[in-house]
Structures are given as C-alpha cells and as structure tokens.
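Before we start, here is the structure in question, set down as structure tokens.
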Amino acid sequence: MRGLRRTPVEVTLVDRQNYHLFQPLAYQVATGSLSASEIASPLRAVFKRQKNVRVLLAEAIGVDLAAHTLEVGSLPNGDEGSTLAYDTLVVATGSRYSYFGHEDWRTHAPELKSLPGALDIRARILRAFEAAEVETDPAKRAAWLTFVVVGAGPTGVETAGQIAELARDALPRDFRSADTQQTRVLLVETADRVLGAFTPKLSSKAFHSLQTLGVTPLVGHTVVDITAASVSVQNAAGAVEEIPARTAIWAAGVTTASFARVLADAAGVETDRAGRVTVQPDLRLAGHPDVFALGDMVRVGEKVLPGVAPVAMQQGRYVARVIAGNEARPFNYKDKGNLATIGRSRAVAEVGPIRASGFPAWVLWLGVHLVYLIGFQNRLLVLLRWLFSFATHGRGARLITPR
Ligand SMILES: Cc1cc2nc3c(=O)[nH]c(=O)nc-3n(C[C@H](O)[C@H](O)[C@H](O)COP(=O)(O)OP(=O)(O)OC[C@H]3O[C@@H](n4cnc5c(N)ncnc54)[C@H](O)[C@@H]3O)c2cc1C
C-alpha cells in the first residue's frame, strides 16, 4: 500500500478487521505486558495521509477472475454483500494456526494469531492464577498452576518464557494463598530441539535459558490430546502421559486463511499441504497477470519461504514496484536473519554472519521490534512500558476481560 503512494492509482484496501496487528508482540498482550492498542494501529489512521487509499471494512468471500470482480461480505452497515471491480487484485490474507485435524482442541488451547486470541489467552492465564488462589485441593491447585504451550518456534518460546516470568517475577507478592512460584510451564515440541529455524548452538542456548527461567521444554514430545483439564503428550518411545493442566496455548503448525482456497479454486492453481497458493516468480497467478498473491498464503513455485514478516513486507514492496512499472526482475527474498526473545535480558539472534545470545541479542530484539512497530505513538508507549517493566518487574496490562 505504502509503496503505491506516489503511483497514480486508486487503491481499495479490504480487511475484515479495522486495524493492523503487529503479530510479533501479540504474546506480550497475552501475558499482560502490553495493552492491545499498543500493538494494533487503526488502518484509517495508518492511511489518513495517503489520499489514494480507501479502506473498506469487509470480508473477501469470492472472486470472479474473468469478470475482474471481488465479492465482499460482512459489511458494517449490515448489508449482506457487495461486488468490487478491479484492474489489479493483490491478495495477502495471511495464515492461521492449524490443529492438525483436531479442531476440537481449539476450544481448550486457543491460538495467538489474532487480537481476540491474545485477549482470550490473557484472560485464561490470569483466571488460572485466580483459580489457584481459591482452590484448596493441592492437586487441583497444581493443575491450575500448570501451563502447557504447544510448539517451540519463536511464538511458543516467547510465550512460555513470559508466563514463567509472570509467575516467578511479577505475581508472587500479589497472591496470598497461591504460591505462583510453584507454577509449571511446559513447552511441548515434536522436534528434538526448540527454535528449529536457528542454528543448533543458539537453539541449545535458548533451551538452557528457558530452563533457567523455569520453563520445562519437552522436546521430542507430541501432543496427542487436549481436554479442559489435561494435555496428553507422547514421547519418542511412544509412551503417553496425561498431564493435569487447566491452561493450554497453541503455537504449532500454520495453514492459510480460508480465502486462499477460494482464490486457488477460482484460478485453478495448485496449493501445497499447508494450503499455500502457488504463484509465479513475479508473484502473479499463472494465467492471471492482473492477480498477485503474497505473504504467508503463498509459495513461489515449489519454494516455500519462511512465514515471517520480512517475506511479506518485501513481497508487498516488490508488487508495488511491479504495479508502478518499476520492476521487471523476479522476486528475490533477502533473508535478514532470525530473532527470538526468551525473557528479560535473554534472546538469540542470527543476523547475517552475527550469532548472538543473552543481553546483546535482547537489546537487538527490542530495537528491531520498536523500529517495525507501526506509529510513533505506539513506539513511544511500548518503549516506556518496557522500561517500566524492566525497572519494576511489573506487568501493567493484567486485566481479565470477558471472552
Ligand atoms: C503470534 C505470532 C508471532 C509472530 N512473530 C513474528 C516475528 O517475531 N517475526 C516475524 O518476522 N514474523 C512473525 N510472525 C509472522 C508474521 O506475523 C507473518 O509472517 C506476517 O504477518 C504475514 O503477513 P501477511 O500480510 O501475509 O498476513 P497477515 O499479517 O496475517 O495479514 C492478513 C490480513 O488479511 C486479513 N484477512 C484475512 N482473510 C481475509 C478476508 N477473507 N477478507 C478480508 N481480510 C482478510 C486479516 O484480517 C489480516 O489483516 C508472527 C506471527 C504470529 C501469529
């Protein structure tokens, strides 16, 4: 969008939510460090100065590639639907978490993909500590103080680390009966190491940092069942253990948002197992030069790029250049590296030839996330929150809001 600000085109941005969510910090909302509005910017505010952009709060539900029209639904005035004509269509509907065919687990183990998801998780985590405070049966109290995070990618690692810090650092003096220091945080991962996208050495450092924080990483374990009161895990030898736990959080595999299927069917193009739509090297759909697709929802030919923000951002800028007539080469992803934070003063970073861990990596992580957060006001607010939390070990956004 922003790449088209000097191009003489009219842009209609259709999104079913009225804000841009900075997903990398969603887990900080889920664990009470940040407020929702600090990581989400209203789209109208983002584009208020870009006069060639019109924002439409609606859901894309269908497309007619021959007629060059997009069908939208859920209009805010209550109308059932409407049709938009386009000269060029750019689709970037992202991804969502996949429960590997166990949709029933979604109720007991919400995911951190959306703002409502983050607020739901925050309420569940805080409510679990409240439940432990009033529970007198030791076994039941232990279950309320057991948190299971599924998936040890950056989101799972960051979330597990934050819950452990919350329990050991921020909460102990706030509760009278529950000893929040007894909290168990289990991080379950099928692979044999955490942060599989990082080098084995950094992955091992992250593993030890997690343990120091009080997280138990269960690598080589797979979740085989989740209920309201327990999570069952299977180890590499096939033995299944049922762990009493009242709070589970899902941060495992992803699949594309539903509109990817609609687009792929309309265009007759292939999708891979995760539902990614296959695009050509210039991010167009085969046979439809006026339709681009990008971000988490695509693979470029057979190549699957990492599902991270830099890929989506570089592809967005690339498509803007193609539309403006300033780009003739195929898309080429420039990998700028990987960052993950594990907790206060702990992170791992792979940036170009640099491999860092501990405090320097954490400072780098803070800087990069502040730079990419949208809006000066949010950057300032988040920086102040972080400084305040660092100094006081406190969490300012610990509100239980209705689900
Ligand atoms: C919890 C979490 C943490 C992450 N942390 C990091 C990180 O630290 N670093 C990193 O690089 N990446 C991170 N990522 C990944 C990164 O956020 C994604 O790769 C990136 O956002 C993908 O951008 P996108 O534009 O493809 O999709 P998205 O950013 O998901 O945007 C999709 C948009 O499409 C809208 N939409 C979907 N369907 C429809 C429809 N039918 N109609 C209208 N609108 C629709 C959605 O409302 C949304 O606004 C994280 C992701 C998550 C979930």
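So, in segment 43-58, of the ones that are away from the ligand (no atom under 12 Å from the Cβ) and outside any loop (DSSP other than H, G, I, E, B), which residue ends up surrounded by the most Cβ atoms within 10 Å (Cβ to Cβ)? Give the derivation first.
Let us first name the residues in segment 43-58 that are away from the ligand (no atom under 12 Å from the Cβ), namely 44-45, 47-54.
Subsequent filtering for residues that are outside any loop (DSSP other than H, G, I, E, B) retains 44-45, 53-54.
Working: Arg44: 14, Ala45: 15, Val53: 20, Arg54: 13.
For segment 43-58, the residue satisfying everything is Val53.
Taking Ala152 and the conditions (1) in a strand (DSSP E or B); (2) among the hydrophobic types (A, V, I, L, M, F, W, C); (3) in contact with a Pro (Cβ under 9 Å, 6 or more places away or on another chain), which numbered condition does it fall short on, given that it satisfies the others?
(1)
For every residue, the table says whether it meets (1) exposed (fewer than 14 other Cβ atoms within 10 Å of the Cβ); (2) β-branched (Val, Ile, Thr); (3) assigned to a helix (DSSP H, G or I); (4) modelled with pLDDT of 95 or more.
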site	(1), (2), (3), (4)
Ala164	no, no, yes, yes
Asp169	no, no, yes, no
Leu186	no, no, no, yes
Leu195	no, no, no, yes
Ser203	no, no, yes, yes
Ser232	no, no, no, yes
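Residues being away from the ligand (no atom under 16 Å from the Cβ) and at pLDDT 95 or above: count how many of those fall in segment 83-101. Walk me through how you get there before you give the answer.
Taking segment 83-101 as the starting set, the residues that turn out to be away from the ligand (no atom under 16 Å from the Cβ) are 85, 87-88, 100-101.
Of the ones still in play, those that are also at pLDDT 95 or above are 85, 87-88.
Total meeting the criteria: 3.
Results for (1) under 30 Å from Ala30 (Cβ atoms); (2) buried (at least 23 other Cβ atoms within 10 Å of the Cβ), shown as yes or no for each residue.
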site: Trp250; (1), (2): yes, yes
site: Ala260; (1), (2): yes, yes
site: Ala264; (1), (2): no, no
site: Glu270; (1), (2): no, no
site: Gly275; (1), (2): yes, no
site: Gly287; (1), (2): no, no
site: Val291; (1), (2): no, yes
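Conditions (1) within 24 Å of Ile342 (Cα to Cα); (2) more than 10 Å from the ligand (Cβ to nearest atom); (3) modelled with pLDDT under 95, marked per residue:
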residue: Ala60; (1), (2), (3): no, no, no
residue: Glu71; (1), (2), (3): no, yes, no
residue: Gly81; (1), (2), (3): no, yes, yes
residue: Ser114; (1), (2), (3): yes, no, yes
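Same structure, new question: Exactly one condition in (1) surrounded by fewer than 17 Cβ atoms within 10 Å (Cβ to Cβ); (2) under 21 Å from Gly94 (Cβ atoms); (3) in contact (Cβ under 8 Å) with a residue 60 or more places away in the chain is not met by Gly301; state its number.
(3)
Residues that are in contact with a Phe, Trp or Tyr (Cβ under 9 Å, 6 or more places away or on another chain), over 25 Å from Val348 (Cβ atoms) and assigned by TED's automatic domain parsing to the domain that holds Ala245: does segment 178-193 have at least one? Before you say what the answer is, go through the steps one by one.
Kept after step one, since they are in contact with a Phe, Trp or Tyr (Cβ under 9 Å, 6 or more places away or on another chain), are these residues of segment 178-193: 178, 180, 183-186, 193.
Filter once more, keeping what is over 25 Å from Val348 (Cβ atoms): 178, 180.
Okay, now just the ones that are also assigned by TED's automatic domain parsing to the domain that holds Ala245, so 178, 180.
Looking for residues that are in contact with a Phe, Trp or Tyr (Cβ under 9 Å, 6 or more places away or on another chain), over 25 Å from Val348 (Cβ atoms) and assigned by TED's automatic domain parsing to the domain that holds Ala245, one finds at least one in segment 178-193, hence yes.
The values are calculated or read from the model by the stated rules, or taken from the named source; none is laboratory data. Fair warning: this is a prediction, and the values are worked out from it, not measured in the lab. A quick note on method: Cβ atoms are made from the backbone with ideal geometry, for glycine too, and the neighbour counts reach across all protein chains shown.
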